[in-house]
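Taken together, the values in this text are just the output of simple stated rules run on the coordinates, not laboratory data. Note that the structure is a prediction, hence the values are computed from the model and not measured. Counting neighbours? That spans all protein chains shown, and the Cβs are built from the backbone with ideal geometry, glycine included.
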Amino acid sequence: MHLGTTLTRFLIDEQRKYPSATGDFTALISEIATAARVISREVNKAGLIDLLGYQGNVNVHGESVQKLDQFANDTFIRFLSHTGFLAGIASEEMENVYQIPDPYPKGKYIFLMDPLDGSSNIDVNISIGSIFAIYRRKSVGPQATMEDFLQKGREQVCAGYIIYGSSTMMVYTTGYGVHGFTLDPSIGVFLLSHENIKIPSRGAIYSINEGNEAAWAPEVRRYVELVKSNGKSARYVGSLVADFHRNLLKGGIFLYPADRKNKNGKLRLLYEASPLSFIVEQAAGKGTNGHQPILDIQPKALHQRVPLIIGSSEDVDEARFSGGV
């Protein structure tokens, strides 16, 4: 495929490889891209309109909700709920599952999302992003069930993220490689810019919040001292999508281990760890909680947290933590 190919053409050409394909999945990805363009537009003018700052509510995790968080959440629901491709939506920002309302038809897919990752960086113009995962529905009936959402990461049919930075870029995988599309704002179209992304097997970057060092387990301290002595450079901005995206392209490792403050880890399994682990594995990297692949974990709760170690395969292999503190 030629660089500069539109996302729509890329999706159609991929669909043609599967004669039994109905086109539903292709159309769903196109709608996700449309929602991403709308969010990108608002992010880029957030300082000029009343979209900065806190909304006044807290989400299910006890975190203050930024106005852009809510806007992104509502935008994805608005663009995806009417399509007929989904049976339900789960979001980091919502306590319960969003059931596709009548009279919209119910589809065969389930959509999970972190609608806007990096809330603490929204007001200071640092790259932020959206993360999503798509699964096939397991249940039958008028409403999606919890069984539909609590699937292992290996059962994902698609995972992706959109990063809103110096440019807006959409990266996704369907299990056949990882591809990146950059938004051309002059024509409002995502164009293929990074085909078949592969993460280097070892990188020169480590990304971890060293402000949490006092709460780390000794094995985490030892590992960080090791990578420092080996010459790795620290890069950490506090937006998971931004840190992950940099390491995906350049090589490196991102760590958010369990610690005394977050004994089960802090990042969400279904909305963050699983989709990014699916992407990194398709790019020849690895994602683990310290002792097993993220994609092999059986979710037990919608908002389950998990330690995350993700990035270049050789770097992740070196960082094997028990998860204890």
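Tabulated values for the structure
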quantity: All-pairs alpha carbon distance profile, region 7-194, 10 Å steps from 0, percent; calculated: 9, 36, 37, 17, 2
quantity: Proxy reagent accessibility, fewest Cβ within 10 Å first, across ASP317, ASP69; calculated: ASP317, ASP69
quantity: Backbone HN-Hα couplings from phi across region 232-243 [Karplus 6.51/-1.76/1.60, Hz, Gly and Pro as x]; calculated: 5, 9, 7, 9, 7, 10, x, 10, 4, 4, 5, 5
quantity: Charge dipole of the chain about the Cα centre (unit charges at C-beta), most positive-ward option of ILE122, ILE253, SER81; calculated: ILE253
quantity: Estimated Rh, region 205-318: Kirkwood, alpha-carbon pairs, angstrom; calculated: 14.0 Å
quantity: GLN143 paired with ASN125, simple spin-label distance in nm, labels 7 Å along Cα-to-beta-carbon; calculated: 4.6 nm
quantity: Computed label-point distance, nm, for sites LYS152 and ARG320 using a 7 Å Cα→Cβ extension; calculated: 2.0 nm
quantity: Exposure proxy ranking, count of Cβ atoms within 10 Å, fewest first, for PHE181, PHE25; calculated: PHE25, PHE181
